[in-house]
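Taking it in order: structure first as structure tokens, then the write-up.
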Amino acid sequence: MLPHPVKKKRPREPKPTPPADPGHPVRFPEVVLCLVEKRMGATRKAFLTTLARSKGFCVEDAKSERVTHVVSEGNSGDEVVKWLKRNGNCYMDAVGSGPALLDLSWFTESMSAGRPVEIKRKHCLEVTAHAEKLEGDSQVAAYACQRRTPLTHNNAALTEALETMAEEAHFCGSEVRSLGFTRAASVLKALSWAVRRVQELSGLPCIGEHSKRIIQEMLEDGMSAEVEGVRQSDRYQTMKLFTKIFGVGVKTASRWYQEGLRTLADLQVHRTKLNKEQQAGLLHYKDLNTPVERPEAEAIAQVVQEVAEQLLPGASVTLIGGFRRGKRSGHDVDLLITHPAEGQEAGLLSKIIGWLESQDFLLYHSSRRNTFQYFEEEEEQEISSSASGMDRFERCLSIFRLGNCPGAVQGGAGAQKPGASGSWKAIRVDFVVAPCSQFPFALLGWTGSKNFERDLRRFSKQEKKMTLNSHSLYHMEQKTFLSAASEEEIFQHLGLEYIPPEERNA
Ligand code: 8DG
Ligand code: CA
Ligand code: CA
């Protein structure tokens, strides 16, 4: 028998005995398993965990210092070491220390035998390099939904430059080019190190030639002449100014630019060119382009929660979008409303909006009813084309009037003009309503980031032959809908590691 490599480099606290599960008492306290989700997938991992526990094995998380046996399927030893380090196992200091790295064959034989079988050479995964080195050149996954992207990262100057380029391409209607820069920026956001040399980009996915040139300029000169040129250009600045008006998209802004309009004052003069939404957007331009702070978002969510609960006991309101991803500020507030009894939520939004309006909380609103019934009747092909991200939920886009002091919301008459001291602030609020059976899909779909969502849908379609949107997950070959009671279950259906909202800032 090969010795278990249990030699530890660091002094440790004595290991407590694993807690006994009354259903399945631990029979082998000296063996603590950890199953590697990479390639195994979450669903299979959950199944194997239950199986092992039913046989009296103790199974723990990768972070646990008690783990003695790491079991993986289809990964090399190097890959397992990298995975363990990435998933918080800091005891993988170097080759030879830490738990035994085993192939699934050891696990299968042990389950059949009903006890941990002797570890033979054939069960062991070979590690060829030191873990520190492995971590350094760890591969970055191609889809944003396979990566963990925290809110703050190590390459902000580079990603800001690339995102300026992405925005400029979007302003020109070049969506493919825009996506190229967005994806390159997203990969840099997921890196655990700051890029210092352009050579470090080799092996990273989604970094095209143009992005590489920009990054190189930034690294060598501390700035990119091309990016600066864009930022200084009349067209970019004007497009930015106009698209920051609520209700104004690239097409409208572009037309105004062609017509020679350059400033907000120009638009005031040509007021007839504005629809109701844009008029409200222009009126509240300053407030709506002042970041919404988290306490403001929470104050609004609380007002809406209270009125929802009064109108329909049991109704819940969840803060979604960037704030759910941990952002401290954002451009708007996104609220998802539901009720635990399916169907009860129907009609609730219009009542909430009616009440808010009656209390002078709304400066503008535009609602759209639920069109999901029509959506359900569509052919499969159309369902898959709806994977663009738009959904059919009842929703309302609004401008909310929030009292100056967070938590002390004041509605009612007598409000001052925006910006006057002691008055209020105009804040964009998006409301969306989902029946509880679709809630996990809506929650996942509206948490963002947009790039994370885009890649989730792309991954589902290209890698899994499934169509994901904010209503459902559909298997195109099996022609079945896969239900889910939580976001975690959706990730499991897709064979993806669960990424918490705070790490979806792709
Ligand atoms: P920010 O406001 O902090 O600047 O960022 P954000 O919260 O990430 O952006 P957002 O523009 O408010 O969008 C939030 C999420 O909502 C984002 O993942 C995209 C998603 N979303 C829309 N419109 C639609 C839609 O029509 N259908 C679906 N399913 N999702 C949508 O913005
Ligand atoms: Ca938002
Ligand atoms: Ca929004």
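The values are calculated or read from the model by the stated rules, or taken from the named source; none is laboratory data. From a predicted model like this one, the values you see are computed outputs, not experimental measurements. Neighbour counts are summed over all protein chains in view; Cβ atoms, including those assigned to glycine, are modelled from backbone coordinates with ideal geometry.
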Restricting the search to the stretch 388-405, which residues are out of contact with any Lys or Arg (no Cβ under 9 Å at 6 or more places or on another chain), closer than 30 Å to Ser460 by Cβ and either at pLDDT 95 or above or exposed (fewer than 15 other Cβ atoms within 10 Å of the Cβ) (or both)? Met390
Kindly indicate whether Ile215 is in a loop (DSSP other than H, G, I, E, B) and crowded, with 21+ Cβ neighbours inside 10 Å. no
Please find, within the stretch 269-293, the residue that is surrounded by the fewest Cβ atoms within 10 Å (Cβ to Cβ) out of those that are within 16 Å of ligand 3 (Cβ to nearest atom) and over 12 Å from Ile427 (Cβ atoms). Glu277
Can you tell me which residue within the stretch 316-364, out of those that are among the hydrophobic types (A, V, I, L, M, F, W, C) and part of a helix (DSSP H, G or I), is farthest from ligand 2 (Cβ to nearest atom)? Trp355
Quick one: is Leu311 surrounded by fewer than 17 Cβ atoms within 10 Å (Cβ to Cβ), in the same structural domain as Trp355 (by TED's automatic domain parsing), over 30 Å from Gln216 (Cβ atoms) and hydrophobic (A, V, I, L, M, F, W, C)? yes
Report yes if Phe375 is assigned by TED's automatic domain parsing to the domain that holds Glu306, buried (at least 21 other Cβ atoms within 10 Å of the Cβ) and either modelled with pLDDT of 95 or more or within 13 Å of ligand 1 (Cβ to nearest atom) (or both), otherwise no. no
Please determine whether any residue of the stretch 77-89 is part of a helix (DSSP H, G or I), of a type in the set (Asp, Glu), modelled with pLDDT of 65 or more and in the same structural domain as Ser112 (by TED's automatic domain parsing). yes
Out of (1) part of a strand (DSSP E or B); (2) more than 16 Å from ligand 3 (Cβ to nearest atom); (3) hydrophobic (A, V, I, L, M, F, W, C), the odd one out for Val432 is which? (2)
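Table: residues versus (1) acidic (Asp, Glu); (2) more than 13 Å from ligand 2 (Cβ to nearest atom); (3) assigned to a helix (DSSP H, G or I); (4) within 19 Å of Ile353 (Cβ to Cβ).
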| position | (1), (2), (3), (4) |
| --- | --- |
| Asp266 | yes, yes, yes, no |
| Ala280 | no, yes, yes, yes |
| Glu296 | yes, no, yes, no |
| Ala301 | no, no, yes, yes |
| Glu309 | yes, yes, yes, yes |
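Which of the following residues is outside the structural domain of Ala185 (by TED's automatic domain parsing), in contact (Cβ under 8 Å) with a residue 12 or more places away in the chain, in contact with a helix residue (DSSP H, G or I) (Cβ under 9 Å, 6 or more places away or on another chain) and assigned to a loop (DSSP other than H, G, I, E, B): Phe242, Phe246?
Only one candidate qualifies: Phe246.
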Counting only residues that are closer than 12 Å to His471 by Cβ and in a helix (DSSP H, G or I), which one in the stretch 378-387 is modelled with the lowest pLDDT? Ile383
When you scan the stretch 239-256, do you find a residue that is crowded, with 17+ Cβ neighbours inside 10 Å, among the hydroxyl-bearing types (Ser, Thr, Tyr) and more than 25 Å from Ala185 (Cβ to Cβ), even just one? yes
Residue that is touching a residue at least 40 places away in the same chain (Cβ under 8 Å) and over 18 Å from Ser398 (Cα atoms), where the choices are Glu298, Glu309, Glu345: Glu345
Considering residues that are touching a helix residue (DSSP H, G or I) at 6+ places or on another chain (Cβ under 9 Å), away from ligand 2 (no atom under 14 Å from the Cβ) and under 17 Å from Gly347 (Cβ atoms), the number found within the stretch 427-448 is 4
Residues of the stretch 432-465 classified as within 21 Å of Ser178 (Cα to Cα) and aromatic (Phe, Trp, Tyr), total: 2
Could you list, in sequence order, the residues of the stretch 23-56 that are among the small types (Gly, Ala, Ser) and in the same structural domain as Trp83 (by TED's automatic domain parsing)? Gly41, Ala42, Ala46, Ala52, Ser54, Gly56
Ser460 being within 30 Å of Ser186 (Cα to Cα) and at pLDDT below 50: no
Considering each of Leu162, Leu151 in turn, give the residue that is at pLDDT 95 or above and in contact with a Gly (Cβ under 7 Å, 6 or more places away or on another chain). Leu151
